[in-house]
Amino acid sequence: MKIEETYLKGCFIIEPKVFGDHRGYFFESFNEHKFKQETNIDIRFVQDNQAFSNRGVLRGLHFQKAEFAQAKLVRVIKGRVLDVAVDLRPESDTYGKYFSIVLSEENKKQLFVPRGFAHGYSVLEDETIFTYKCDNFYHPEAEGGVMYNDADLGIDWMLNDDEIQLSEKDTVLPLLKDLK
């Protein structure tokens, strides 16, 4: 397993070692000991989530507030997404910066998104299955978000504007500069 920190402190790309032969493949998608050894982060995941979407769906940018903040380990089982993490830690040198990566069933890469980040993804292929582990339980009353098309972020979601499908709540999220 190869673990590499992005330019956003605490945000890591995880690339598993895949063993394949005529029968298919096998890989270890998470190993707590290796993760801690490589990142110096001691984490305990308490909730797994999975989503199915078709091309054009954009989910995000979401986060959980205060004591309900969540770190996430995200990956794609089937299909392909552009995954995005935005640093919302006020004390961070990279506050308001984002990191994006294509996650797919082919590359089997994962992204570890630490607490204090907004997270979202755009679905680039039909019938995509996206899954993630969280280190804290979801609390609806602690939901927060940032508008996906905030000009101050300038994220290229790899979709045409007319393709993008949002949930109703994602159409009314605040801009980064308006977060409280």
Inset, instruction - Run down N136, N149 and say which single residue is touching a helix residue (DSSP H, G or I) at 6+ places or on another chain (Cβ under 9 Å), under 26 Å from S92 (Cα atoms) and free of Cβ contacts under 8 Å to residues at least 40 places away in the same chain. - result: N149
Inset, instruction - Please work out which residue is nearest to G56 (Cα to Cα), limiting yourself to region 154-180 and to residues that are touching a residue at least 60 places away in the same chain (Cβ under 8 Å) and part of a helix (DSSP H, G or I). - result: E163
Legend entry - Those residues of region 18-48 which are among the β-branched types (V, I, T) and in a loop (DSSP other than H, G, I, E, B), in sequence order: V18, I41, I43, V46
Inset, instruction - Within region 72-104, count every residue that is in a strand (DSSP E or B) and of a type in the set (D, E). - result: 2
Legend entry - Residue count, region 73-129 (criterion: surrounded by fewer than 23 Cβ atoms within 10 Å (Cβ to Cβ), of a type in the set (A, V, I, L, M, F, W, C) and under 15 Å from F52 (Cβ atoms)): 3
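Out of S29, S53, report the one residue that is touching a residue at least 40 places away in the same chain (Cβ under 8 Å) and surrounded by fewer than 16 Cβ atoms within 10 Å (Cβ to Cβ).
Working: S53 fails: surrounded by fewer than 16 Cβ atoms within 10 Å (Cβ to Cβ).
Going through S29, S53 in turn, just one is touching a residue at least 40 places away in the same chain (Cβ under 8 Å) and surrounded by fewer than 16 Cβ atoms within 10 Å (Cβ to Cβ): S29.
We did not get these values from a lab; they are worked out from the coordinates using the rules stated. Computed from a prediction, not measured in an experiment: that's the story for all the values here. Note that we place each Cβ from the backbone using ideal geometry, even for glycine, and neighbour counts take in every protein chain shown.
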